[in-house]
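Notes for the one structure printed next.
The values are calculated or read from the model by the stated rules, or taken from the named source; none is laboratory data. Because the structure is predicted, anything quoted here is derived from the model rather than measured. Glycine gets a Cβ as well: all are built from the backbone with ideal geometry, and neighbour counts include every protein chain shown. Each accessible area value is taken on the protein alone, full model and side chains, heavy atoms only, with ligands, DNA and RNA left out. Shrake-Rupley method; radii C 1.70, N 1.55, O 1.52, S 1.80 Å.
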Amino acid sequence: MNTAQATANILIEALPYIQQYSGKTIVIKYGGNAMTEENLKQGFARDIVLLKQIGINPVVVHGGGPQIGALLKRIGKDSQFIDGMRVTDEETMDVVQMVLGGLVNQQIVNMINQAGGRAIGLTGKDGNLIQARKLMLERRTPDGQPAESVDLGYVGEVEKINPRAVRLLEEDRFIPVIAPIGVGTDGATYNINADLVAGKMAEVLQAEKLLLLTNIPGVLDKQGSLIDTLSRADIEHLTADGTIHGGMLPKLACATDAIRGGVGSACILDGRVEHAVLLELLTDQGVGTLVTE
C-alpha cells in the first residue's frame, strides 16, 4: 500500500505540469550519452511517447557526432576539428548525410515507434525545412591582430526555418525527428550544429520549452555544484567572472537566443540521467539548469 501511495503522489505531482504543457510544443535536442547507452536510449523513447500521449507535442532534433567520427574512421578518413567544429569537405558531407539523415535518424524513429509512438524522420531538406548559409568561423589571433576567417567547408548556420511540415505532423499526432542538415539557396547541403537547429526550431515554433541534453549535470558554479536557475543577467555576470566558459558558452547562447525569440524557457540537463526529460518537465525538482528571461 505504501508503494501504491507513493506512485499516486508522483502522479499528482505531475498533474500541474501536464496541465501547463498540454497542447504546447517542447523542442528537445537529443545527443551525447543518451544516444549511445541502451538503457538511456530506450528510456528516452518512452519519455517522448508518454509526452505525446498526455497531450504535449515533442519535437526531437538530434546530433550524431560520435557516429559520424566512427564511420569516417572506418573508411580511413581522419576527423579534423577547429575550435570544436568539424571541418566538412565534400566526402565528409556525404558521410554526414548518410549518418545523420539515414542511420541515426531512422534508429531514433524506430525506437520511438517500437515504444508505441508515431515518429517520422526529417532532414532540413524535407519540405524545405531548414534553409542554410555557409558558416565562416571567425578566429582571434594570439597577437591581437584582427580576427581571421576560417573556411570549414560544408558547415552551415540556419538562415530560415519553414515549420509547415513540422506543424502538419504535430497536428496529425506524429512526432517529428529532425536531422540538422540544411540546404543553401544554391542547392548545397550543409552540416549544422544540432543545438543551433534546436534553438531556432523552438523559436519558430514558439515552443513552451527548449531542452538541451548534455553529458554534464548542467551549468556548474566554481565549486562544481549545479546551478538550478539562471537569468540572462546571471549568465552575463558568470561569463564575465569565468564561471561559465568553454563548450557551455554556445549552449547558453543558443538558450538565451531562443528565449529572446519567444520561447518560454530553456533547460540544459544531464542526458546521462535515465528519464531526464520526464524528471525535468513533470517533477518539482527537475534535473538541470533552467534558463529564463
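List the residue pairs whose Cβ atoms are under 6 Å apart, where the first residue sits in the range 210-235 and is at negative phi and touching a residue at least 12 places away in the same chain (Cβ under 8 Å), the second is open to solvent by 30 Å² or more (accessible area, probe 1.4 Å) and of a type in the set (Asp, Glu), and the two are 6 or more positions apart or on different chains.
If the second residue must be open to solvent by 30 Å² or more (accessible area, probe 1.4 Å) and of a type in the set (Asp, Glu), the pairs left are ILE227/ASP221.
Given the condition open to solvent by less than 30 Å² (accessible area, probe 1.4 Å) and assigned to a loop (DSSP other than H, G, I, E, B), answer yes or no: does some residue in the range 44-62 qualify?
Within the range 44-62, one or more residues are open to solvent by less than 30 Å² (accessible area, probe 1.4 Å) and assigned to a loop (DSSP other than H, G, I, E, B).
Is there any pair with a first residue in the range 238-254 that is of a type outside the set (Ser, Thr, Tyr) and a second that is modelled with pLDDT under 90 and outside any helix (DSSP H, G or I) whose Cβ atoms are under 6 Å apart and which are 6 or more apart or on different chains, and what are they?
LEU238/ILE244
Just to check your reading of the model, which residue among GLY84, GLY117, GLY124 is closer than 19 Å to VAL61 by Cβ, small (Gly, Ala, Ser) and open to solvent by 60 Å² or more (accessible area, probe 1.4 Å)? Walk me through it before giving the result.
Values: GLY117 fails: open to solvent by 60 Å² or more (accessible area, probe 1.4 Å); GLY124 fails: open to solvent by 60 Å² or more (accessible area, probe 1.4 Å).
Selected residue: GLY84, the only one of GLY84, GLY117, GLY124 that is closer than 19 Å to VAL61 by Cβ, small (Gly, Ala, Ser) and open to solvent by 60 Å² or more (accessible area, probe 1.4 Å).
Considering only helices (runs of 4 or more DSSP H) fully contained in the range 219-293, which possess at least 1 residues that are touching a strand residue (DSSP E or B) at 6+ places or on another chain (Cβ under 6 Å) and under 23 Å from GLU203 (Cα atoms)?
Working: elements: 232-240, 248-260, 276-282.
Counting at least 1 such residues, we get 248-260, 276-282.
Any chance you could count how many residues in the range 165-203 are within 19 Å of ARG86 (Cβ to Cβ), assigned to a loop (DSSP other than H, G, I, E, B) and open to solvent by 60 Å² or more (accessible area, probe 1.4 Å)?
Count: 1.
Looking at (1) modelled with pLDDT of 90 or more; (2) within 28 Å of GLY101 (Cα to Cα); (3) buried (at least 16 other Cβ atoms within 10 Å of the Cβ), find the lone condition where GLN206 falls short.
Unmet condition: (3).
So, in the range 96-114, how many residues would count as being closer than 17 Å to TYR154 by Cβ and crowded, with 20+ Cβ neighbours inside 10 Å?
Number satisfying all stated conditions: 4.
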